[in-house]
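Visitor: What follows is a structure written as structure tokens; I'll ask about it next.
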Amino acid sequence: MTRLVDLFYRFLETLLILLLSGMAIMVFVNVVLRYAFNSGLTVSDEMARYFFVWLTFIGAVVGFREYGHMGVETLVARFGRKGRQICMFLTNLVILGVSLLFFWGTWKQLPINVSMSAPVTGLSMGWVYGIGFFTGAGCSLIALERLFRLATGRVTEHEIAAFAGERHGVDQHAERST
Amino acid sequence: MTLVVFVVSLLGAMAIGVPVAFALMFCGVTLMWYMGMFNSQIIAQNMIAGADTFTLLAIPFFVLAGELMNAGGLSRRIIEFAIACVGHIRGGLGIVAIMAAIIMASISGSAAADTAALAAILIPMMAKAGYNVPRSAGLIASGGIIAPVIPPSMAFIIFGVAANVSITQLFMAGIVPGILMGLSLIIAWQIVVRKDDVEALPKAPARERLRATGRAAWALGMPVIILGGIKAGVVTPTEAAVIAAAYALFVGTVIYRELKLRDLPRVILQAAKTTSIIMFLVCAALVSAWLITAANIPGEITRFIEPLIDRPMLLMFVIMLLVLVVGTALDLTPTILILTPVLMPIIKQAGIDPVYFGVMFIMNCCIGLITPPVGVVLNVVSGVGRVPLGRVVTGITPFLLAQVLVLMLLVVFPDIVIIPAQWLR
Amino acid sequence: QFNDRTIRVSNGVNADHPVGNGITAMQACLDQKSGGKLKLQAFWGGALGGDLQATQALRSGVQEAVVTSSSPLVGIEPALGVFDLPFLFANAQEAYQILDGEFGDMMNEKLEAAGLINLAYWENGFRNLSNSVRPVTKWEDFEGMKVRVMQNNIFLDTFQNLGANATPMAFGEVFSALETKAIDAQENPYVTIDTSKFFEVQNYITETNHAYTPFLFLFSKPIFDTYTQEEQAALRECAAVGRDLQRSVIGDLNKQSLEKIKAAGLQVNVLSEEEQQRIREKSMVVYEKHKDTIGADIVDSILAELAEIRK
Ligand code: NA
Ligand code: NA
């Protein structure tokens, strides 16, 4: 099971690499076309934007799994193990709540997005805005799993430390200061 | 009263450890519940519409350019170039740090990445030369925070989009204040080290200097491409960002050959993750920003500070103090995203130049990166330089004061920002 | 029968645009009819999101109203593309007759099917071309000119067909692009050219009147349906009151703006009758190309109605 989950995240990471490379190539090609040949592909500007949306919301789930999202851990870091666990429980409850609302909102809004098409490519906006299903569901599942392990006392020390902001590397700090 | 609901729900959620992005969503939910307009579609729509903006595409490309610059050896050559130029002056390594920080700032927009690169190379050298290590670490951290003030800057892009202010103009307006921050650091440094017993590096022979310059030339070309392109109006910030990334990739792989193609996926993945962390936060902030606007919270605040509206300078002073206080606990991007929708209507009403305000606001938020208790750049320099956090805080104090002084100077003399900005526009 | 209601109206333009006068007049009318119970709360400069985003918020019943140009909404209702067609209306009177008449009602029905109630057609004004290169008085003068256009396929094709190098660009970037000569030209109504200070960085202006894209005063259908009949009627009537004032203010302001542009030293040109006719004929390929997307019946019916008016 763990291996399957890891494999899935590996897949998501590959997707992120492809999306960012794709965006860069599309915009770069357009710059070259525009300045060297006085022409441009309006399609690529639009697709780059949609890649960007998918990148953001797929990466948000990966980031949540890795405790990558920015937070203020000053207070939590002062608590003992018990206090930290309580905070972690409440935090995941809040995240579960807003993620479910995100999913639910995407569902309710689906009809008006499906019936709208992108100006250049004509792609249904359902494909773009539908990414809310993935992010809403993804974050809900991760939060639920954490809540379950917190309730059954199966949460690891490493995770509690990460939650309290004690295991951040330079990369994670870089993510926070840009 | 809506203001209280906004502040309590946001701070409450953050205090128990909810990441800022989710806390902003939670704050939005609380506001809509309080206003009697609970509707989950407000979340879904504002979240995703936030990422669907061409201007914000500059963020991933500048992040990527910065990652490629570090992985491709461009940062190291810039530091070597600075050493060859000013390493032999008294207090020289400190000046080297600031000079390199300013050059790197004109290529990258990340304070933490720049600080890490500087600290890794310079702290050991400074320790060996006999400089006080916590003080050196403090200097490097305060030099690192120039990155978001001098263009390119993710902070300006986010502010520009959130406040509807021209990003090109913000970029141009940031140059002079960024250099001033650097100069103030050099002055502060020369004052605090004047009695220290350190040995300056031997003066490099002209030939060696020329070689270092030649090696760094490719790296030094990057700011020219980025700023020149935007300034000449040949490219938009987004296009400049993608050109910068392509250039860094080319120099790192073909010229310096430090970046191997097999490392590329790792570098791209890191940039992708950084981007989505920033962007998810931007998107979540748009949910609460929509509700802040719909609930007219800026109007509520304006009533409190009514008497200040006619006195722009005093208003700026009060806002700068507020941002400094917020900055002790909150990092750059969240501060921009939370405060911009609240402050911008007030700034407009008071007739303050939005570009000037943007530069001051970002500068102030950057100072927040080195104020305890929460200061990401402090953590980076402490981690990379292996100096305990508490000692970094002691070491940084004179430089922190110098930068706050610059900030206050610019509050009193706004023309120092405005005139060069108009000239560069 | 009236209830206390706050109606949030979002606008892409600023409060000093004639839309502001229209909203004030509409509010005065609503005050009178509802005894002060129906309140418009206007948000300017896209504070509640862009026009398209706000329109989507209307369709999902999150927000009450928006005043938006028709152009960004073609992704929701392709038939609206008809208003983007080049040189469709010859003058404002024609536009009023079509929009306030049967054709306008037919478009309103289409919008209603998409969850949007169009209370009235307000005015954005005819779009004109300004540039920094040469006076434009005939078809050939467009050749090779770098013109900024909206991100809209019909506008793109219109200018490409004229021989110009059409470049889609966000509105916010236009001024500095003109200033640095990254682009030569832009096209907008006089009022916008004035308020956005484009004239400061341009040398020539031509009254091309190449497009009249109306403003729509859209209301959320899901919310509208919960209102009483009296409230609905008051909103429709007062939106028309606001429209009439807004149209007259924009007419005056257009003249003022043109004077200001002239005073700034720009050379003002008009297209001769024959040249206008020539360009209109040459632009028919754009009509043909987009007929299917817009709907052939729509294009045919508006052309037929216009022919009727012009008799
Ligand atoms: Na920078
Ligand atoms: Na801080």
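Visitor: In the stretch B:328-337, how many are more than 7 Å from every other protein chain (Cβ to nearest Cβ), buried (at least 23 other Cβ atoms within 10 Å of the Cβ) and more than 16 Å from ligand 1 (Cβ to nearest atom)?
Guide: Total meeting the criteria: 2.
Visitor: Can you tell me which of (1) modelled with pLDDT of 85 or more; (2) within 21 Å of B:Ile121 (Cα to Cα) is the one B:Leu180 doesn't meet?
Guide: Of (1) modelled with pLDDT of 85 or more; (2) within 21 Å of B:Ile121 (Cα to Cα), only one is false for B:Leu180: (2).
Visitor: Could you give me the residue pairs with C-beta distances under 6 Å whose first residue belongs to the stretch B:132-157 and is within 21 Å of B:Thr394 (Cβ to Cβ), whose second residue is buried (at least 24 other Cβ atoms within 10 Å of the Cβ) and of a type in the set (Phe, Trp, Tyr) wherever it lies, and which are 6+ apart or on separate chains?
Guide: B:Gly138/B:Phe399; B:Leu139/B:Trp189; B:Leu139/B:Phe399; B:Ser142/B:Phe399
Visitor: Here is a further query. Just a yes or no: is a residue in the stretch A:65-87 free of Cβ contacts under 8 Å to residues at least 40 places away in the same chain, within 26 Å of B:Leu57 (Cβ to Cβ) and touching a Phe, Trp or Tyr at 6+ places or on another chain (Cβ under 6 Å)?
Guide: no
Visitor: What pairs come up if the first residue lies in the stretch A:93-121 and is at positive phi, the second is part of a helix (DSSP H, G or I), and their beta carbons are under 6 Å apart, counting only those six or more places apart or on different chains?
Guide: Listed by first residue and then by second, the contacts come to nothing, as the list is empty.
Visitor: Just to be sure, is C:Phe159 open to solvent by 30 Å² or more (accessible area, probe 1.4 Å) and within 14 Å of another protein chain (Cβ to nearest Cβ)? I'd like the intermediate steps shown before the answer.
Guide: On the way: open to solvent by 30 Å² or more (accessible area, probe 1.4 Å): no; within 14 Å of another protein chain (Cβ to nearest Cβ): yes.
In short, no.
Visitor: Evaluate the following for B:Val18: is it without any contact (Cβ under 8 Å) to a residue 24 or more places away in the chain, among the hydrophobic types (A, V, I, L, M, F, W, C), assigned to a loop (DSSP other than H, G, I, E, B) and facing chain A (nearest Cβ under 7 Å)?
Guide: yes
Visitor: Any chance the stretch B:32-43 includes a residue that's within 9 Å of chain A (Cβ to nearest Cβ), among the hydrophobic types (A, V, I, L, M, F, W, C) and away from ligand 1 (no atom under 16 Å from the Cβ)?
Guide: The initial filter retains those residues of the stretch B:32-43 that are within 9 Å of chain A (Cβ to nearest Cβ), namely B:39-43.
Now narrow it down to the ones that are among the hydrophobic types (A, V, I, L, M, F, W, C): B:42-43.
Of the ones still in play, those that are also away from ligand 1 (no atom under 16 Å from the Cβ) are B:42-43.
Yes - at least one qualifying residue is present in the stretch B:32-43.
Visitor: Right, B:Ser106: of a type in the set (S, T, N, Q), more than 14 Å from chain A (Cβ to nearest Cβ) and either within 24 Å of B:Cys366 (Cα to Cα) or within 16 Å of ligand 2 (Cβ to nearest atom) (or both) or not?
Guide: Details: of a type in the set (S, T, N, Q): yes; more than 14 Å from chain A (Cβ to nearest Cβ): yes; either within 24 Å of B:Cys366 (Cα to Cα) or within 16 Å of ligand 2 (Cβ to nearest atom) (or both): yes.
Here the answer is yes, as B:Ser106 does meet what is asked.
Visitor: Tell me, yes or no, whether the stretch A:36-43 has at least one residue that is free of Cβ contacts under 8 Å to residues at least 60 places away in the same chain, more than 7 Å from chain B (Cβ to nearest Cβ) and among the polar types (S, T, N, Q).
Guide: yes
Visitor: On to the next question. In this structure, does B:Ile230 turn out to be within 12 Å of chain A (Cβ to nearest Cβ) and part of a helix (DSSP H, G or I)? Don't jump to the end; show me each part of the working.
Guide: Details: within 12 Å of chain A (Cβ to nearest Cβ): no; part of a helix (DSSP H, G or I): yes.
Criteria not met by B:Ile230.
Visitor: Restricting attention to the stretch B:47-77, and to residues there that are open to solvent by 10 Å² or more (accessible area, probe 1.4 Å) and touching a Phe, Trp or Tyr at 6+ places or on another chain (Cβ under 8 Å), which single residue is farthest from B:Gly109 (Cα to Cα)?
Guide: B:Asp52
Visitor: Of the numbered conditions (1) within 16 Å of the chain's Cα centre (by Cα); (2) more than 14 Å from chain A (Cβ to nearest Cβ); (3) more than 16 Å from ligand 1 (Cβ to nearest atom), B:Gly375 satisfies every one except a single condition; which is it?
Guide: (2)
Visitor: Next up: Looking at the stretch C:147-168, which of the residues that are within 15 Å of the chain's Cα centre (by Cα) and of a type outside the set (A, V, I, L, M, F, W, C) is nearest to C:Val286 (Cα to Cα)?
Guide: Filtering the stretch C:147-168 for residues that are within 15 Å of the chain's Cα centre (by Cα) and of a type outside the set (A, V, I, L, M, F, W, C), the one nearest to C:Val286 (Cα to Cα) comes out as C:Asn152.
Visitor: Is it the case, given these coordinates, that C:Gly144 is outside any helix (DSSP H, G or I), more than 19 Å from the chain's Cα centre (by Cα) and at the interface with another protein chain (Cβ under 10 Å from one of its Cβ atoms)? Can you show your working first?
Guide: Details: outside any helix (DSSP H, G or I): yes; more than 19 Å from the chain's Cα centre (by Cα): yes; at the interface with another protein chain (Cβ under 10 Å from one of its Cβ atoms): yes.
Yes: the conditions hold for C:Gly144.
Visitor: Tally time: how many residues in the stretch B:338-369 are within 14 Å of chain A (Cβ to nearest Cβ) and either of a type in the set (Ser, Thr, Tyr) or within 16 Å of ligand 1 (Cβ to nearest atom) (or both)? Lay out the reasoning, then the answer.
Guide: Pass one, the stretch B:338-369, residues within 14 Å of chain A (Cβ to nearest Cβ): B:338, B:362, B:365-369.
Those still in the list that are either of a type in the set (Ser, Thr, Tyr) or within 16 Å of ligand 1 (Cβ to nearest atom) (or both) too: B:362, B:365-367, B:369.
Residues in the stretch B:338-369 being within 14 Å of chain A (Cβ to nearest Cβ) and either of a type in the set (Ser, Thr, Tyr) or within 16 Å of ligand 1 (Cβ to nearest atom) (or both): 5 in total.
Visitor: Search the stretch A:67-89 for residues being more than 8 Å from every other protein chain (Cβ to nearest Cβ) and outside any helix (DSSP H, G or I), and hand back the single one that is surrounded by the fewest Cβ atoms within 10 Å (Cβ to Cβ).
Guide: A:Gly80
Visitor: Moving on. Take the residues in the stretch B:385-394 that are open to solvent by 40 Å² or more (accessible area, probe 1.4 Å) and away from ligand 2 (no atom under 13 Å from the Cβ); name whichever of them is nearest to the other protein chains (Cβ to nearest Cβ).
Guide: Once the filter is applied, the top-ranked residue is B:Arg386.
Visitor: What number of residues within the stretch C:255-274 are at pLDDT 90 or above, open to solvent by less than 40 Å² (accessible area, probe 1.4 Å) and out of contact with any Pro (no Cβ under 6 Å at 6 or more places or on another chain)?
Guide: Matching residues across the stretch C:255-274 total 4.
Visitor: May I ask you to list the residues in the stretch A:6-33 that are among the β-branched types (Val, Ile, Thr), open to solvent by 40 Å² or more (accessible area, probe 1.4 Å) and under 16 Å from the mean Cα position of the chain (by Cα)?
Guide: A:Thr14
Visitor: A further question follows. More than 30 Å from A:Phe133 (Cα to Cα) and assigned to a loop (DSSP other than H, G, I, E, B): does that describe B:Ile103?
Guide: Working: more than 30 Å from A:Phe133 (Cα to Cα): yes; assigned to a loop (DSSP other than H, G, I, E, B): no.
So B:Ile103 does not fit the description; no.
The values are calculated or read from the model by the stated rules, or taken from the named source; none is laboratory data. Model, not experiment: these values are computed from the prediction. Cβ coordinates were reconstructed from backbone atoms using ideal geometry, including for glycine residues, and neighbour counts include every protein chain displayed. With ligands, DNA and RNA removed, areas are computed over all heavy atoms of the protein, side chains included. Shrake-Rupley method; radii C 1.70, N 1.55, O 1.52, S 1.80 Å.
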